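The values are calculated or read from the model by the stated rules, or taken from the named source; none is laboratory data. Worth saying up front: this structure is predicted, and the values here are computed from it rather than measured. Counting neighbours? That spans all protein chains shown, and the Cβs are built from the backbone with ideal geometry, glycine included.
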Amino acid sequence: MLSYQHFQALGRFLTYNQPLFISQRAPDHAALFGSNPGHDPAFQKTSMTQQKPETFQQFIQVLNDYWSNQGCVLIQPLDLEVGAGTFHPATFLRAIGPEPWSAAYVQPCRRPTDSRYGENPNRLQHYYQYQVVIKPSPLDIQDLYLDSLRAVGIDPLVHDIRFVEDNWESPTLGAWGIGWEVWLNGMEITQFTYFQQAGGLDCKPVTGEITYGLERLAMYLQKVDSVYDLIWTRSNGRDVTYGEVYHQNEVEMSTYNFEHADTDWLFSHFDHCHQQCLHLIDAKLPLPAYEMVLKASHSFNLLDARKAISVTERQRYILRVREMSKSVAQAYYDRREALGFPIGKASADSEASHG
Amino acid sequence: MDDRRELLIEIGTEELPPGSLNRLAESLYNAMAQQLTGQGFAFDAEASRHYAAPRRLAVRIAALQAMQADRSETRMGPAVAAAFDAEGQPTQAAMGFARSVGVSVEDLSRIETDKGERLGIERKIAGQPVADLLQSMLHKAVDALPIAKAMRWSDLEETFVRPVHWVVVLLDDQVIPGSFLGQPFGQQTRGHRFHHPDPVQIDHASEYPACLQAASVMVDATLRRQRIVDQATACAASHQAEAVMEPALLDEVTALVEWPVVVSGSFDEEFLEVPHQALISSMQNHQKFFPLVDGNGALLPRFLATANIQSTNPDAIVKGLERVIRPRLADARFFWMQDLKTPLEALIPRLSTVVYQKALGTLADKADRVSRLGLEIAGHIDCSSEYVERAAALYKCDLLTDMVGEFPELQGVMGYHYAREHGEADAVAVAIRDHYLPKLAGDVLPDDPTAIVLALAERFDTLCGIFAAGMKPSGNRDPFGLRRAANGILRMAVELSLPLDIAQCTRDALTLISEQIEGAVEQQDTVVAFIFERLRSYYLALSFTQEQFNAVHALGVSTLTDFDARIRACQAFVNQDQPTAQSLAAANKRIGNILRKAADDAPTGSEAVDASLLTEPAELALQAALEAATEATRPLLEQAAYQMVLAELSTLREPIDAFFDQVMVMDEDPALRANRLTLLARIKQQFDAIADIAMLVTE
């Protein structure tokens, strides 16, 4: 029971021991059986006929092309340590309030407790999620997702693809949603979530989130049993492997996470971030305040990996992060409201005037 | 008039939660049926059905009455006395009422009621066609669905289980106007997500299942489940094996597919060195596989999975499944090897780091109480105290192993394996495993003495502890499973014939708990009463009657084997000769009343009857019969042969009847009176030795 909480507490995803990496969520428009201005079938055709990705790198490119064609803003990873793509402000904060939003990005994720010194072929302390968020969630979001699988070369008439109930809850983000894990022949390849609350606030409209586990899917497509054998790209006639790019990082970071991370400093850093966060909220600066939440959260994850937090303390730390997240969510909402929720207004106004 | 139609309602959604799929469909049917019945529409319930598949809930109502019958409605207004003033002019009250029903005062009738004459109006209401009411009935029916977690999606305000994509409401071949969650009612459904992505036209409500079958959706959950069973059975047979299909898993799998296709795969034989239950849990829980076993029930390195697609390349699916299960089983093997490095004994200190319940301390505290209580109980049962102590020390240690951390349902089973691997006595290993028995109603009971003692001690401690902590069950809420715990206790005591005094065990358990919770012993009566309420349900389920239970319960017997012998005797007594039993029960009741009225003079039954004061023939006869019966039952009572005692006492029926017919108990002579009361008291005492027979009287 300890291990269960242990793995549930700070991020979403993967039940204990599920080997591997998982990604998170997605976005875009179009009514299921109706027309939708943002959803041009021509684009789909292009993606489907284009070359199937053979390398990890091409795989990401295909997803970028596909979701870009669905009208997503392709943004870049957050430059802070996070446990999941959901923590990127492009998901967590953008899920708050009435403004529309569509984005896709790769997010490196850090899970210090998953450190395995580069010895486990399925588990990494640093891995990638491909995240798509669309608000409001389009009515055909499942179909959009399935087309993305076709784009990367997965044929649903060959493989068994299933949406299996898996509702999401993040105690630290005060967030929850309804959704599924997507199974490809019994393997979980994606988390699919309709956000219902973020930071304790009701999500209206609802953000649809699609999170792909990039390494896991790539291993499947490339038919390799070890993540380190993935072909990242072909360069000057030579295969560059995932191991070549990341193996040393796994070894050294695992050693740091489990053996060297300075727990005294991490505890005080957590406290400092907490104080700063409260101060920044008072100063009506929700974005810097949110960075403090993320830094505190990562400190907590490292302390957890170092087994420096007792069971009873653990719950208290989680609650502290949750309180910070909630305050930031409210502050962010207030700030957007003060700005008049500008995004999407222009198009709504012009529609009205043409209407 | 008898125009009948067939109604189809289908709500098309994204993938519904498998755990509640059938319940939702059934509730939708029940709620619609209730709406229709409430509105006066008859239909053929026998021929009506509900359907459930991952992306749809549907109901089909057969032979539905198309038109409501006309009906009349009476609206009552003010009393006539208050409706007209002294001049005979209508009052405000009369005019107001007339206005509210849209007529003038002259049009109102005078209606006689038991509160006097009142103004009123009787109106005919023409029956409406069902088509006009379906929209509102469907909305009400949906509002009544038991949706555990409703969700919003997109920018809609409404909520439902999952996003809704289409709604079919068809009366025979006619689309009903209306909409639900933004979807207009239509005539088109959707087929299988991949096999048949195009819309499917339903020409007539009665064609629903066939239309979907043609579009690769088996919409009837019962048929779909059977199809999985048939395919799995055939597939297993082709490997000379049997499929293990737990009903709950089978239901879940059925709720996850629209078009089941069972495939089989295999895994490395070397995994079989891991305790099989761990492999089975891994296959069932994580992958929803059906494990395969050979004719002897031994696990084979194969599995069955249920795909939702008739793949153009089934081998690709099998390869994928085998790829997924390998790391799962490797994990199970890893946990097993890892856990084996630490003997259970070495985990004992860590029990004190896991809180069992705030007021009741840690698992170490619980293990200590259970150990001491177990030793008390072992004293009453032929059981080695050494094994009990050892088993109690180790019995929760497997909760701290990696394997149980991953598969909580393997608690006990893994403890058994680890205990054996580390050389614990068999009795100890078995007790660690079997103290969880019985897990469910009707489950097997433990049969090894150490396991029985541990199972009892564990349940008494849980039951008493949670009561003492002030968290006894209320209504349907029983988070600690106390009803189940009490049932386990009484089933073991009764069915294993254990000479256990429930009151004594409860007192012992509470005494130990009072070390943590002050005043715990005050819960004794409450806990015992709680167990006896479970005991009542237990006997009622076995076709004993309330009267029989109450008759024995009134004696305050708390050794359940004794309770059982007595209630069985009562049942046999009643069943063998109903009139005699009723007559004797009535006689006992009458005696009880007489003795109660006699109050202070009432004898206790221990006094002797003075033969010299017996005068009437009937009382002499009764005394003689009583003496004979008492003589005959004495040895039977010693053997607790209660049924034979009651049979013997049945011979008193006629003498008692004659006595009441012919003898005046409350004679004027105090000596005669006292002697007769004594005679009666002694009779009652004979019966009371078995049960309060007076309580067997049925009204």
Point to revise | segment B:341-355 residues that are in the same structural domain as B:H422 (by TED's automatic domain parsing) and within 15 Å of B:K366 (Cβ to Cβ), paired with ones that are part of a helix (DSSP H, G or I) and modelled with pLDDT under 90 (beta carbon under 9 Å, 6 or more apart) | key: B:T353/A:L2; B:T353/A:V311; B:V354/A:L2; B:V354/A:V311; B:V355/A:V311; B:V355/A:T312
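Going through segment A:189-231 one residue at a time, which ones are among the β-branched types (V, I, T) and closer than 20 Å to A:D160 by Cβ?
Residues satisfying the conditions are A:I189, A:T190, A:I210.
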Review point. Just to be sure, is A:D225 in a strand (DSSP E or B) and surrounded by fewer than 16 Cβ atoms within 10 Å (Cβ to Cβ)?
Key: no
Revision key, fill the gap. Checked segment B:312-327 for anything under 39 Å from the mean Cα position of the chain (by Cα) and within 8 Å of chain A (Cβ to nearest Cβ); matches are B:L321, B:V324, B:I325, B:P327
Exercise for review: Among the residues of segment B:174-220, write down those that are among the polar types (S, T, N, Q) and touching a residue at least 12 places away in the same chain (Cβ under 8 Å).
Suggested key: B:Q174, B:S179, B:Q183, B:Q187, B:Q188, B:T189, B:Q201, B:S206, B:S216
Study note, to complete from the structure: The residue from B:A681, B:A640 that alone is at pLDDT below 95, outside any helix (DSSP H, G or I), closer than 30 Å to B:R568 by Cβ and not polar (S, T, N, Q) is B:A640
Exercise for review: Select, from A:K295, A:K284, A:K204, the only residue that is of a type in the set (K, R) and in a helix (DSSP H, G or I).
Suggested key: A:K295
Check your understanding: Does segment A:90-112 contain any residue that is in contact (Cβ under 8 Å) with a residue 40 or more places away in the chain, more than 19 Å from the chain's Cα centre (by Cα) and on the phi < 0 side of the Ramachandran plot?
Key -> yes
Check your understanding: Just checking, how many residues over segment B:537-569 are in a helix (DSSP H, G or I), crowded, with 16+ Cβ neighbours inside 10 Å and free of Cβ contacts under 8 Å to residues at least 24 places away in the same chain?
Key -> 2
Practice item. Counting only residues that are crowded, with 16+ Cβ neighbours inside 10 Å and modelled with pLDDT of 95 or more, give me the helices (runs of 4 or more DSSP H) lying completely in segment A:1-106 with at least 3 of them. Key: A:56-69, A:89-92
Exercise for review: Return the total of residues in segment B:190-216 being among the β-branched types (V, I, T) and either in the same structural domain as B:L300 (by TED's automatic domain parsing) or under 19 Å from B:I61 (Cβ atoms) (or both).
Suggested key: 1
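Pick out the one residue from A:G153, A:G199, A:G118, A:G174 that is among the small types (G, A, S), closer than 22 Å to B:K319 by Cβ and more than 10 Å from chain B (Cβ to nearest Cβ). Outline the logic, then answer.
Numbers: A:G199 fails: closer than 22 Å to B:K319 by Cβ; A:G118 fails: closer than 22 Å to B:K319 by Cβ; A:G174 fails: closer than 22 Å to B:K319 by Cβ.
Answer to the selection: A:G153.
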Practice item. Find all pairs meeting these conditions: Cβ atoms under 6 angstrom apart; at least six residues apart or on different chains; first residue within segment B:139-154 and more than 9 Å from chain A (Cβ to nearest Cβ) and surrounded by fewer than 17 Cβ atoms within 10 Å (Cβ to Cβ); second residue of a type in the set (A, V, I, L, M, F, W, C) and not in a loop (DSSP other than H, G, I, E, B). Key: B:A144/B:A31
**Study point:** Where B:R333 falls short, out of the listed (1) free of Cβ contacts under 8 Å to residues at least 60 places away in the same chain; (2) surrounded by 17 or more Cβ atoms within 10 Å (Cβ to Cβ); (3) within 14 Å of another protein chain (Cβ to nearest Cβ); (4) part of a helix (DSSP H, G or I)
**Key:** (1)
Exercise for review: Search segment B:436-450 for residues that are among the polar types (S, T, N, Q) and pair each with any residue that is at pLDDT 95 or above when their beta-carbon atoms are under 6 Å apart and the residues are at least 6 apart or on different chains.
Suggested key: B:T450/B:Y387; B:T450/B:V388; B:T450/B:A391; B:T450/B:A427; B:T450/B:A431
Check your understanding: When you scan segment B:458-476, how many residues do you find that are aliphatic (A, V, I, L, M) and more than 16 Å from B:G361 (Cβ to Cβ)?
Key -> 1
Point to revise | Residue ID - nearest to the other protein chains (Cβ to nearest Cβ), chosen from residues in segment B:406-430 that are farther than 16 Å from B:A451 by Cβ and without any contact (Cβ under 8 Å) to a residue 24 or more places away in the chain | key: B:P408
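Would you kindly identify the strands (runs of 3 or more DSSP E) lying entirely within segment A:144-196 that contain at least 3 residues that are without any contact (Cβ under 8 Å) to a residue 40 or more places away in the chain, on the phi < 0 side of the Ramachandran plot and assigned by TED's automatic domain parsing to the domain that holds A:A90?
Values: elements: A:161-165, A:168-170, A:175-184.
The qualifying strands (runs of 3 or more DSSP E) are A:161-165, A:175-184.
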Review point. How many of the residues making up segment B:96-149 are of a type in the set (G, A, S) and farther than 30 Å from B:G186 by Cβ?
Key: 8
Exercise for review: Could you list, in sequence order, all residues of segment B:169-190 that are crowded, with 21+ Cβ neighbours inside 10 Å and within 30 Å of A:D160 (Cα to Cα)?
Suggested key: B:T189, B:R190
Check your understanding: Which of the residues that make up segment B:453-508 are in a helix (DSSP H, G or I) and of a type in the set (F, W, Y)?
Key -> B:F460, B:F467
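Against the definition (under 30 Å from A:K295 (Cα atoms) and either out of contact with any helix residue (DSSP H, G or I) (no Cβ under 8 Å at 6 or more places or on another chain) or at the interface with another protein chain (Cβ under 10 Å from one of its Cβ atoms) (or both)), how does A:T193 come out, yes or no? Don't jump to the end; show me each part of the working.
Working: under 30 Å from A:K295 (Cα atoms): yes; either out of contact with any helix residue (DSSP H, G or I) (no Cβ under 8 Å at 6 or more places or on another chain) or at the interface with another protein chain (Cβ under 10 Å from one of its Cβ atoms) (or both): yes.
Criteria met by A:T193.
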Review point. Quick one: in segment B:1-41, which of the residues that are farther than 19 Å from A:V164 by Cα and in a loop (DSSP other than H, G, I, E, B) is farthest from the other protein chains (Cβ to nearest Cβ)?
Key: B:M1
Review point. Can you tell me how many residues in segment B:263-311 are more than 10 Å from chain A (Cβ to nearest Cβ) and of a type in the set (K, R)?
Key: 1
Revision key, fill the gap. Filtering segment B:99-138 down to residues that are surrounded by 12 or more Cβ atoms within 10 Å (Cβ to Cβ), part of a loop (DSSP other than H, G, I, E, B) and among the aliphatic types (A, V, I, L, M) yields B:V101, B:V103, B:L108
Check your understanding: Which of (1) in contact with an Asp or Glu (Cβ under 8 Å, 6 or more places away or on another chain); (2) at pLDDT 95 or above; (3) in the same structural domain as A:E169 (by TED's automatic domain parsing) is the odd one out, the single condition A:K284 does not satisfy?
Key -> (3)
Review point. Looking only at residues in segment A:237-288 that are touching a Lys or Arg at 6+ places or on another chain (Cβ under 9 Å) and among the polar types (S, T, N, Q), which one is farthest from A:S226 (Cα to Cα)?
Key: A:Q276
